[in-house]
Amino acid sequence: MSAPISSLPVGDRAASTAIERHAIASSTFEAKLAETLAILQEAAQQAPATQASSLGAEDMVITHLINAHALPISIFVLETGALHGETLALLARLQAQQAAHPHAPLTIYRPQADAVIRFVTREGADAMVRSIELRKTCCGIRKMEPLGRALAGQKAWLTGLRREQSGARAEVPLIDTSEQAAKGLIKFNPLANWTWGDVWHYIALNQVAYNPLHDQFFPSIGCAPCTRAIAVGEDFRAGRWWWEDEAAKECGLHVKTKEGAPA
Ligand code: SF4
């Protein structure tokens, strides 16, 4: 049987790890942690509630908190068919871990295979770099359609969005009710106020397993063809769809129309 993720050594982590580089809590960390717990408990009361996990550092923190407090919040991962090997290895660990947490079962959603095959056959494996339209079509097939299935029947979903991540996310609220009318969903962003240092402080403190790509200067990790390491001084999300304008850099999961529905 696999060891629980939280008990795995912090190891397998390169000499200069993300923990060593970033784990510096802000002065208000304890207050933010209490706020996050309160938000998670409120989300759990909106049953059924589910966490959207990209397996990034923020999402691993949220899953750890769900487990630590035995909250009845399920977890889902969109396995797009284009993830890094490191991400898939972490997903396998998470699957083994959540088997011991029946209050928070993990479900993996994959795209419709025939839709992926048709798109790649027609447009090629590198379609996403040729135009924003093709990139969004790929995200639609690999992410948005499975997301719709993952959220069907849910009353609340939780994300790891933080205000610090990008200009487009600077106004992210802790509780977002703007999708409630259109989709019957409340979106909870329990780490909205956390800094990157807070995230890594929590990971270090609780020995939370994380994607080793974070040690290799990947702060934000998505599909392999659309994610690269960032250089010193670059923005947090500079490694995502780096060939596009900053304003276009969302896959649709967290983009809304004026009416509040996911775009
Ligand atoms: S991130 Fe890239 S590979 Fe992944 S679904 Fe979007 S365009 Fe396709």
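Only the coordinates and a few stated rules stand behind these numbers; no lab work does. As the structure is a computational prediction, the values presented were derived from the model and not from experiment. So basically every Cβ, Gly included, is an ideal-geometry build from the backbone, and we count neighbours across all protein chains shown.
For the reader, a short list of remarks on this structure follows.
- Once you reduce region 102-149 and region 196-236 to the center of their Cα atoms, the two points are 23 Å from each other.
- Under 5 Å, built H, 5+ apart or other chain: amide partners of ILE175: ASN189
- Dividing the mean sequence gap of close Cα pairs (under 8 Å, 6+ apart) by how many residues region 92-148 holds gives a relative contact order of 34 percent.
- Over the chain: helical MRE at 222 nm, DSSP H runs n ≥ 4 each giving -39500 (n - 2.57), nearest 500: -10000 deg cm²/dmol
- Net charge dipole, the chain: roughly 560 debye, given to the nearest 20, about the Cα centre with Cβ charges of +1 for Lys and Arg and -1 for Asp and Glu.
- By the count of other C-beta atoms within 10 Å, a proxy for reagent exposure, HIS22, HIS103, HIS214 are ordered fewest to most as HIS103, HIS22, HIS214.
- Rounded if a/c under 1.5, otherwise prolate or oblate - region 91-166, Cα gyration tensor axes: prolate
- The charge dipole of region 128-242, taken about the Cα centre with unit charges on the Cβ atoms of Lys, Arg (+1) and Asp, Glu (-1), comes to about 460 debye, rounded to the nearest 20.
- Trypsin sites (Lys or Arg not before Pro) restricted to region 104-142 and DSSP loop, no more than 13 other C-beta within 10 Å: ARG130
- Full extension of the chain segment joining ARG93 with LYS155 gains 19.6 nm, where the gain is 0.36 nm per residue of separation less the Cα-Cα distance.
- Only lysine pairs 8 or more places apart, or on different chains, with alpha-carbon atoms under 22 angstrom apart are counted in the chain, and they number 21.
- Residues SER178, SER27 arranged by fewest to most Cβ contacts within 10 Å: SER27, SER178
- Note on the chain: antiparallel DSSP beta bridges, both residues inside, total approximately 25 percent of the bridges counted.
- Applying D = kT/(6 pi eta Rh) to the chain, where Rh is the Kirkwood radius over alpha-carbon pairs, T corresponds to 10 °C and eta to 1.306 mPa s, the Stokes-Einstein value obtained is 84 µm²/s.
- FRET efficiency for ARG21 and GLN46, using Cβ-Cβ distance with R0 set to 45 Å, rounded to 0.05: 0.80
- The three principal axes of the C-alpha atoms in region 50-179 carry coordinate ranges of 47, 35, 29 Å, sorted with the longest axis first.
- Most positive-pole-ward Cα, GLN180, TRP200, ALA168, against dipole of region 137-237 from beta carbon charges: GLN180
- In Hz, Karplus ³J(HN,Hα) per residue of region 179-189 (6.51, -1.76, 1.60; θ = phi - 60°; x = Gly, Pro): 9, 5, 5, 6, 10, x, 10, 9, 9, 10, 10
- Percent RCO, i.e. relative contact order, over region 192-245, from Cα pairs under 8 Å lying at least 6 residues apart: 23
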